[in-house]
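> Dumping the structure here so I can ask a few things about it.
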Amino acid sequence: MPVKATIISDHHLVYSGYTGIIQRQDIVTELMRVYNSDGYQPGMNELVDLRRVTDVQISYAKMSEHVRQANLTHRHLQKPIKVSFWAEDKVAFGMARMFQSLADALNSNMTCFVSNNRTAALSVLCLPASALESILDP
């Protein structure tokens, strides 16, 4: 599975690790599994780890549809969730920036950040650089 999401309750966080070739359906399937699991709580922030992505097969239209659907999922929340993308590769970084730009244009209930290093990706979620070491450095 190119997307594996994990709920980290003590940080009120959903961590999504992406590997290999990414397609929209992979993302949707995994997020629906997480959103329907017992440990998920609406309003959890998200850390999206794109370091192991090798290719992105999502068109602009599909990404736009995905952002609209994500916004619908979070529209009822009192405050926006934070979505922090960690992308070191140019292709993955571009995908994250496209998501961020679309979310911003939609005036969505998601505040998105894109960074190319661990410290920045974690700091926007108010987590120290050493947080989540067992997940980020298996």
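The values are calculated or read from the model by the stated rules, or taken from the named source; none is laboratory data. This one's a predicted model, so the numbers in the text were calculated from it and none came from an experiment. Here Cβ is always computed from backbone atoms with ideal geometry, including for glycine, and neighbour counts include all displayed protein chains. For accessibility, only protein heavy atoms count, side chains too; no ligands or nucleic acids. Shrake-Rupley method; radii C 1.70, N 1.55, O 1.52, S 1.80 Å.
> Anything in segment 13-48 that is acidic (D, E) and modelled with pLDDT of 95 or more? List them, or say none.
Of all residues in segment 13-48, those acidic (D, E) come to 26, 30, 38, 46.
Across segment 13-48, the qualifying residue is only E46.
> Quick check, is Q41 in contact with a Lys or Arg (Cβ under 9 Å, 6 or more places away or on another chain) and open to solvent by 30 Å² or more (accessible area, probe 1.4 Å)?
no
> Check whether at least one residue in segment 108-127 is open to solvent by 20 Å² or more (accessible area, probe 1.4 Å), among the small types (G, A, S), closer than 20 Å to S9 by Cβ and not in a strand (DSSP E or B), and report yes or no.
No: zero hits.
> Follow-up. How many residues, within segment 53-84, are basic (K, R) and in contact with a Leu (Cβ under 8 Å, 6 or more places away or on another chain)?
2
> Moving on. Being in contact with a helix residue (DSSP H, G or I) (Cβ under 8 Å, 6 or more places away or on another chain), within 17 Å of F113 (Cα to Cα) and open to solvent by less than 40 Å² (accessible area, probe 1.4 Å) is the filter here, so list the residues in segment 46-63 that pass it.
Once the filter is applied, which keeps residues that are in contact with a helix residue (DSSP H, G or I) (Cβ under 8 Å, 6 or more places away or on another chain), within 17 Å of F113 (Cα to Cα) and open to solvent by less than 40 Å² (accessible area, probe 1.4 Å), segment 46-63 yields L47, V48, D49, L50, M63.
> List every residue pair whose Cβ atoms sit under 6 Å apart, with the two residues 6 or more apart in sequence or on different chains, where the first one lies in segment 119-135 and is in contact (Cβ under 8 Å) with a residue 24 or more places away in the chain and the second, anywhere, is among the charged types (D, E, K, R) and surrounded by 14 or more Cβ atoms within 10 Å (Cβ to Cβ).
Close Cβ pairs satisfying both conditions: L125/K82.
> Among the numbered conditions (1) touching a Ser or Thr at 6+ places or on another chain (Cβ under 6 Å); (2) closer than 21 Å to I8 by Cα; (3) open to solvent by less than 70 Å² (accessible area, probe 1.4 Å), tell me where N71 comes up short.
(2)
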